Every structure is written in structure tokens, then in C-alpha cells.
Amino acid sequence: MNAAGASPSRSHPASGGTSPALQSFERAWRERGAHLGDTGNAMQSMRREAMARFERLGLPTLRDESWHYSNLRALGLRSFRSSAAGTPQISWLEDLAGWPVVRLINAVPQFDALTAAPAGMQIASLKTLEQHDPQRLAGMMPPLSDAEPQRWVLLNAALFDDGLHIRISGACTGALLIVHTSSATDAHEMMHPRIIIEAERGSSAVIIEHHLSDSLQPLLSNSVTCIALQASARLEHFRVFSGSAVATHTDHLQIRAAADAHLRQHTVVLGGGFVRTALEASLEAAGAALDSYCLLTGHEARHTDCVNIVTHAAPHTQSRQTARVIASGRSRAIFNSKVVVNAGAQKADSRQSCRGLLLSPTAEIDTRPQLEINADDVKCAHGATTGRLDPDMLFYLLSRGLDRNTAQSLLVFAFLADALTDMSLCAVRASVESQLIAQLPDSQLLRQFR
């Protein structure tokens, strides 16, 4: 068993041959090599190893532990091509408080639109960094792993063309908004955004990533964000997904927290055809802490899969995971979380709470909280429930004169409050609430109860 809590596995197409998707990924790799040449530098060596590992492992299947609820057979039958230049889209999180905005269009940063980074924060292009100092960029990359939750991380490491390096060196006021636009003019275009965030000792900041797409063409976005917190650093990080119904999005968040570092992380899924979010956190020294909040909404025939793996690698570390999940129509939503307490990580303190709410008989919610404890002096708890609206509460609201749709929507909104109340930015919370209300019946009336 590796540190991520999952054994390496081998995955091959059922037909015994290479799937169209794998063939297209290999073709993209060859095209990248022909374009860049073989310089033999540290980044090229890392990319080569990442692609070799991905080709050996193949696409995840239902036999893989963290992919047990998500079938990629249909994706494997598609042939993808690298994305062309796209068009920008406006995020509904923009202009909330005049925060700086940096855009990535099909994974390519648009620095000309960035007015100024927050004081205490420096932002650079990964492509420029790779061209001028590949050794330094290679040192920022997390070690490659064959752990099955990181399959798409390997592909991103091999194929990402550009991204952002964000260094936080002081106490930043306000927030930085990163708008990821996935824009496809042809079917089955793919993009691989990568963000690297390094928070220096004692620094603090708020960073919001908004992934959006209104494309009418099926596309694949495979994003990775790596966060490294030095001692006593503080970071609040948001990732919000509101893609189109034909978009496939895999996103992986890798976190390393040093002594007394604290990360508050919010994951909000409001749209997308197939959205898979993963969080892997390593609490590496005493006092390191993670608070994770997940809000997952499924509607129509959409599929949302959230996987969290938190490793307590040192004594006196703390993690909190709170997830609220709703599913309607024929959608399916999954929250799969695991806490690993390493040997010697005494006094680790962990809690997992997941509640699911089914709004239709054809929707499905799967919750799976897990604990793997290898120390004898810890405080770990987990709980998960899934059900329908409380009939007594519904009856109470109906008896007060509300119609059924409004009463149900009010109960749904109240149910999700636990995943929203700990957002420190009131403007972000209000904006997320507005988008959530817009998906519920009687949205105009519900706004009066906020």
C-alpha cells in the first residue's frame, strides 16, 4: 500500500488493444516531442517518465479503488486532439470586489489581461520558466507516482504546455481569481492546465479557481493544481466548476502542508457533464491542518465524482472534511473520502461528515468514508447519510402556506448551508448561492428568503 492509500494497478482495454483515447494521447505526446525536440533537460526527462508510466498503467477502470463508481469506457472510445486557440468567457465571479483576474484559455495564460497581482504575490508562466530554468521547474513538480488516483496527473505532467506559477511571499489582501475557460471549436479537443502555488513561511492569501465552459462540442479538460505550504502559511483555496453538459473535466489537487500551516479548501460543483475532482493532501509536520468543504450538485444526467485522500504523516495534525451532495433527475453524485494515519502520527485528529439528499427516484448518491489508522493514540471519526427530504419539515412548511416546490427548494437550500457557511468571502458565497438557487424551482421567490 502506498502513501496515497491505494495499490498500483494495471489497466487495459477489454478488447485487448489500445483504445482510441490512449492512441490519441500517445499521438499528442509524439507531436509534442517533435515540436520541442529532445533537449535531455530535467523537465523533458520528467515528462518522458510520466508518459511512460501513464502508457503502462492505461486508463482507470471500475476495478481501481478510487474509480469504482465512474465508468470511463465511453471516454476510452473517443479520439482526442490538442486544443486550438479558444475564446474567453466571463466568469460570474468577476467584479465581485475588484479583485485581480488572470485568465487561462484552453490552459494558456493571458497575462495581457492581468492588471496587477495582489501585493505579496508573484505570478509567472510555467512555459517561460521551463524555457529559461527547467531544473527549477522540475524541482517544483511533485514526485511521479503509479498510485491509481494519480493516473490523470501523469498525463498532465507529460502534456501540459503552459500554466501558472504563483509564489506567495507576504500577507495578501483581497483575492486572486483564476478563470479557466475550456473552449472547443471541434469535437473532442483536450487541454491540460497546471497551476503551482507556493506559499512561503508565514504568508497568507485567497485564491479562487473557476472552471467554466459553454462549449457545444464535447471536450476534455485535465487540470492539476499543486499547493505547497511552508511553516505557518495560511491559504484559502476555492475551485468552482460550472461547465457545459457535454464537457468532461478531471481535476486533481495535490497539497503538502508543513508545520502549523493551514489550508481551507472549498470545492463547488454546479455543472459539467462528467466532473471528477480529486484532493490528495499530506499533513507533513506537527500543527498542519486542512479544512475541506465540498458542495456537489447533480441534475439531469450529469455525473459528479469527488475523491479526497488525506494523509496524516506527522503527530498533532488535524483534518476536517464536510460534504453536502444533492442529486436530481437521472444524475449520479459520489463522495469517496479516505483518511490515512501513518505509523507514528500520534494525536492525529480527523473528522469526516457527508450527507446526501436525493430529489428524484432515478438519481443516485454514493458515499464512502474510510479510515486507515496505523497509530494507537488518535481521534478519528466519520459519518455518512443519504436520504430524501424530511417529510415532517415539508409538512410544516406546507402548513404555513408555501407551495410544494417552494417548500422543497427551501429545504434543499438549508441542507446545503453547511458547505457554504465557512466561506470567508461573503461575495463568493452570495454568488455561489445565486447560481445554486437558479438551478432550483421558484428561484425568484427563493431569493427573497436569503
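As an exercise, use a Förster radius of 25 Å and the Cβ-Cβ distance of ASP214 and ASP95 to find the FRET efficiency, rounded to the nearest 0.05.
0.85
In terms of the Cα gyration tensor, with a ≥ b ≥ c the square roots of its eigenvalues, is segment 152-224 rounded because a/c is under 1.5, prolate because a/b exceeds b/c, or oblate?
Verdict is oblate for segment 152-224.
Once a ≥ b ≥ c are taken as the square roots of the eigenvalues of the Cα gyration tensor of segment 31-164, is the result rounded (a/c under 1.5), prolate (a/b larger than b/c) or oblate (a/b not larger than b/c)?
oblate
At a threshold of 8 angstrom on Cα-Cα distance, excluding pairs fewer than six apart, so keeping six or more, what relative contact order does the chain reach in percent?
10
Computed from the coordinates I sent, semi-axes √(5λ) of the Cα gyration tensor in Å equals one of (1) 41, 30, 21; (2) 38, 27, 20; (3) 33, 26, 24. Tell me the label.
Among (1) 41, 30, 21; (2) 38, 27, 20; (3) 33, 26, 24, the one calculated here is (3).
May I ask you to derive the relative contact order of segment 304-450, considering only C-alpha pairs under 8 Å and at least 6 residues apart, and to give it as an integer percent?
This gives 20 percent for segment 304-450.
Taking the Cα atoms only, what angle lies between the long axis of helix 404-415 and the longest principal axis of the chain, rounded to 10 degrees?
50
Report the calculated FRET efficiency for SER169 and GLU31 (r = Cβ-Cβ distance, R0 = 51 Å), to the nearest 0.05.
After rounding to 0.05, the efficiency reads 0.85.
For segment 109-247, compute the orientation-averaged projected area of the C-alpha convex hull (one quarter of its surface), in nm².
9.3
Semi-axes of the equivalent ellipsoid for segment 198-271, please: Cα gyration tensor eigenvalues, times 5, square-rooted, ordered largest first, whole Å.
30, 11, 8
What shape does segment 184-234 have by the C-alpha gyration tensor, where a ≥ b ≥ c are the square roots of the eigenvalues, rounded means a/c under 1.5, and otherwise prolate means a/b greater than b/c and oblate the rest?
Since a/c reaches 1.5 and a/b is larger than b/c, the shape of segment 184-234 is classed as prolate.
Which one, ALA175, PRO142, TRP99, projects farthest toward the positive side of the charge dipole computed for segment 75-184 from Cβ point charges (K/R +1, D/E -1)?
The residue sitting most towards the positive pole is PRO142.
Tell me the net charge near LEU229. Cut-off is 15 Å between Cβ atoms, LEU229 excluded, with +1 for each Lys or Arg and -1 for each Asp or Glu.
Net local charge, LEU229 excluded: -2.
Kirkwood hydrodynamic radius, computed over distinct alpha-carbon pairs, for segment 317-450: how many Å, to one decimal?
Kirkwood hydrodynamic radius for segment 317-450: 16.9 Å.
Between ALA74 and GLN346, what is 0.36 nm times their sequence separation minus the Cα-Cα distance? Round to one decimal in nm.
Stretched fully, the ALA74-GLN346 segment lengthens by 93.5 nm.
Note the angle between two axes, namely the Cα long axis of helix 20-36 and the longest principal axis of the Cα atoms of the chain, as a number of degrees from 0 to 90, rounded to the nearest 10.
50
Quick one: which residues, 5 or more positions from THR311 or on another chain, have an amide H under 5 Å from its amide H? H modelled 1.01 Å from N in the peptide plane, none for Pro or chain starts.
For THR311, the qualifying residues are ALA281, SER282, LEU283, VAL340.
Towards the positive end of the charge dipole of segment 385-424, with charges on Cβ (+1 Lys, Arg; -1 Asp, Glu), say which of LEU389, SER424, LEU402 has the farthest Cα.
Comparing the listed Cα positions along the dipole, LEU402 ranks first.
Considering only DSSP beta bridges where both residues belong to the chain, give the percentage that are antiparallel (nearest 5).
5
With a 1.4 Å probe and all protein chains left in place, how much accessible area per residue does segment 99-187 have, in Å²?
With the other protein chains kept in place, segment 99-187 gives 35 Å² per residue.
Could you tell me how many cubic angstrom of Cα convex hull volume segment 302-393 has per residue?
Convex hull volume per residue, Cα atoms: 85 Å³.
Per-residue counts of other Cβ atoms within 10 Å, averaged by peptide: what ranking do you get for 267-280, 242-255, 380-393, highest first?
267-280, 242-255, 380-393
Karplus couplings for segment 136-151 from phi (6.51 cos²θ - 1.76 cosθ + 1.60, θ = phi - 60°), rounded to Hz, Gly and Pro as x?
With coefficients 6.51, -1.76 and 1.60, one gets 5, 5, 4, x, 7, 6, x, x, 5, 9, 8, 4, 4, x, 9, 4 Hz.
Send over the semi-axes of segment 78-150's equivalent ellipsoid, whole angstrom and largest first, taken as the square roots of 5 times the C-alpha gyration tensor eigenvalues.
26, 20, 14
Label SER45 and ASP291 with points 7 Å out from Cα along Cα→Cβ: what is the distance between them in nm?
It is 4.3 nm.
The values are calculated or read from the model by the stated rules, or taken from the named source; none is laboratory data. Remember, predicted model here, so these are calculated numbers, not experimental data. Positions of Cβ are generated from backbone atoms using ideal geometry, with glycine treated the same way; all protein chains shown enter the neighbour counts. The protein model used for the area step is the full one, side chains on, heavy atoms only, and it has no ligands, DNA or RNA in it. Shrake-Rupley method; radii C 1.70, N 1.55, O 1.52, S 1.80 Å.
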